[in-house]
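The values are calculated or read from the model by the stated rules, or taken from the named source; none is laboratory data. What you see is a predicted model, and the numbers here were worked out from it, not measured in a lab. Because the Cβ atoms are built from the backbone with ideal geometry, glycine has one as well, and the counts that use them run over all protein chains shown. Note: accessible area is taken over every heavy atom of the protein model, side chains too, but ligands, DNA and RNA are not part of it. Shrake-Rupley method; radii C 1.70, N 1.55, O 1.52, S 1.80 Å.
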Amino acid sequence: MAMRFVLLLCWLGTTTCALRAQHTTQTVSHTVVAGETLYHIAQNYGVSVEQVVAGNPGLNPDRIEAGQVIRIPVPQVPQNSDVVPQAPAAKVEYVTYTVKRKETLRSIAEKYGISVDELWGANRWVVASDGKLKKGQLLSIPVRREAPVPAYRGMSTIKVAVLLPLLGQNTEHQRSVEFYRGLLMGVDEVRNYGTHFQIKAYNEPAPDASMNALLDQVRQDAPDVLIGPLYPSHFADVTWLSSPRLKVVVPFSSKAPQVYYRPDVFLLNKPTDMEEACAAELIYTQLLTQHNLVVLQSANGNRAMFCRRVAEKVVAGGKTPLYGGLHTAVADLKGRIAQQSREHYVLMPDADSRDALSQTLEARRLLQIHAPLAHFSILGYDTWKPWAEGDMKVQLHAADTYFLAADYFYPYTSAALAFKQQYRDNFHCDLLAFTPSMAPLGYDLARSFFGGMATYGQAFNAQEAQPGTAGAQAPLQSHLRFMQTKEGGGYVSRSMWLVHYTPDMKILKNVLP
């Protein structure tokens, strides 16, 4: 039988940590891992050191060794109780409106039942300072839509199985352990909202090893959620366990074909075609409904197909993209961009290399000289992130640069700094230098996924997170909301950021609505 590493964590709120008369107690076996202390083991199980010592006659609390088996008295929490969520707040959506002859901000606001200030606030960059409108001008109208009160009931206790290669020193083991640690930090936050957890971690065997005995144990434990596996050779066996009462979350791969025909399978990474569709939608809704797209073409652009997808959305929205060469932008575009133009243009190269970025910066500089009253921004890709945080930081900020990223962890925000310090305090090490960062991914997954289940139960994926709940808290790295692959299929995360490096050296993040 494959080696199994089991960890059961019963997180209890501060008001329920003491054993109550109506609670029963069970005993589980814990195998000590190198570096663990009895204090940390007891804390993880929600019991005291004294209770552990009392259940292990002869145990020296100051001398425990890796491989030693300790019996832990764990209180059993009550079964799930019905939790009726509050009615969700009204959701604001934006619709595009084409101004008609003689219309004013007031007449349009009255038509949609909103205030002039609300309409102005949503269009302050495109409406003249005197508030006058032009026929054919496009406005974004904020429309409140009352969300229906869901009929779902949440879960007071969530049983989680984690199936990843946690034992070993290879890269996949290190990344899996960091992800798992971040998950536990997120669980701790959801616990603060009154949700109880039972978590078991299983060591995933090698890619060519049998999973039968391990999966038999998982079935007996009957979790509500299974997170894993890592190895593609195990996808079929693990996802076969999925059901309306057991969600399977594949955390690291975008190539688990079972997501297309198993409705209870979730992927945190999108297949390429879905990622590009989400990216194009984000670019259009957040940037190109009001601004002009300029595609800068090269001989063999590796993002040419994606640029075509974005351009098609612009055309469908009633606007015409401009095209020019990376080397010949001014010569190609000066006939279409007037020297006195005051419009906003977004330059998007069809390649994501550093050389393409340098050429785009130069094209922007020359176009700004040609049309000094216009505003030129740059739109690029997540491959630019290391340069944006390195030697090209000042240039990219000055160029008013946007880039797309499925996940984005900026380590210098107050939230990121606090998270890294808490991780260091908990586990006595720093985050690994990987992208995406594993601990924030696990942390965001726990708060979003488990927070949704705590509010809505197993049908959480069909609902928006309610304000004030764990699932609605701002993500560190990944905005994990899910879309269905097709009717009868599973779900993939639609997380996508449009990261904005502003000229005043700020970093803003817009997310797919």
Using a basic spin-label model with each label point 7 Å from the Cα along Cα→Cβ, how many nm lie between Val32 and Asn192?
3.2
Helix-only mean residue ellipticity at 222 nm, the chain, DSSP H runs n ≥ 4 weighted -39,500 (n - 2.57), per residue, nearest 500. What is it?
-8500 deg cm²/dmol
Antiparallel DSSP beta bridges within the chain, as percent of all bridges there, nearest 5:
50
For Cα pairs less than 8 Å apart in space and 6+ apart in sequence, what is the mean separation divided by the residue count of the chain, i.e. the relative contact order in percent?
15
Gly325 long-range amide H proximity, modeled H, under 5 Å
Gln297, Asp332
In debye to the nearest 20, the charge dipole size for the chain, taken about the Cα centre with +1 at each Lys and Arg Cβ and -1 at each Asp and Glu Cβ, equals 1620
List every residue whose amide H lies under 5 Å from the amide H of His344, counting only residues 5 or more places away in sequence or on a different chain, with H placed 1.01 Å from N in the peptide plane.
Asn292, His375
Give the distance, in whole Å, between the Cα centre of segment 46-60 and the Cα centre of segment 166-208.
25
Averaged per residue, what accessible area in Å² does the chain show with a 1.4 Å probe, protein chains only?
48
Residue among Ala222, Gln473, Ser253 farthest towards the positive dipole end of the chain, charges placed on Cβ
Gln473
The percentage of the accessible area of the chain (probe 1.4 Å, all protein chains present) made up of carbon and sulfur atoms, to the nearest whole number, is 51
Once label points are set 7 Å from the Cα along Cα→Cβ at both Asn300 and Val126, what is their separation, rounded to one decimal in nm?
3.9
Quick one: check the C-alpha center-to-center distance for segment 463-496 versus segment 352-431, whole angstrom.
25
Is any helix in the chain, taking whole DSSP H runs, at least 15 angstrom long along its axis by alpha carbon and on average at least -1.0 on the Kyte-Doolittle scale, and which ones?
171-191, 272-283, 304-316, 354-370, 414-427
Two-site FRET efficiency, Tyr260 against Leu508, from Cβ-Cβ distance with R₀ of 41 Å, rounded to 0.05
0.75
How would Trp120, Trp497 line up by accessible area, probe 1.4 Å, largest first?
Trp120, Trp497
Neighbours of Gln458 by Cβ distance under 9 Å: Lys/Arg at +1, Asp/Glu at -1, summed charge 0
For Ile378, list long-range residues whose amide hydrogen, built 1.01 Å from N in the peptide plane, is under 5 Å from its own amide hydrogen.
Leu347, Thr401, Tyr402
Taking R0 as 45 Å, what's the FRET efficiency between Ala222 and Arg101 from their Cβ-Cβ distance, rounded to 0.05?
0.10
Short version: ³J(HN,Hα) in whole Hz for each residue of segment 248-259, in order, from phi by Karplus 6.51 cos²θ - 1.76 cosθ + 1.60 (θ = phi - 60°), x for Gly and Pro, what are they?
10, 10, 8, x, 10, 10, 9, 10, 9, x, 5, 5
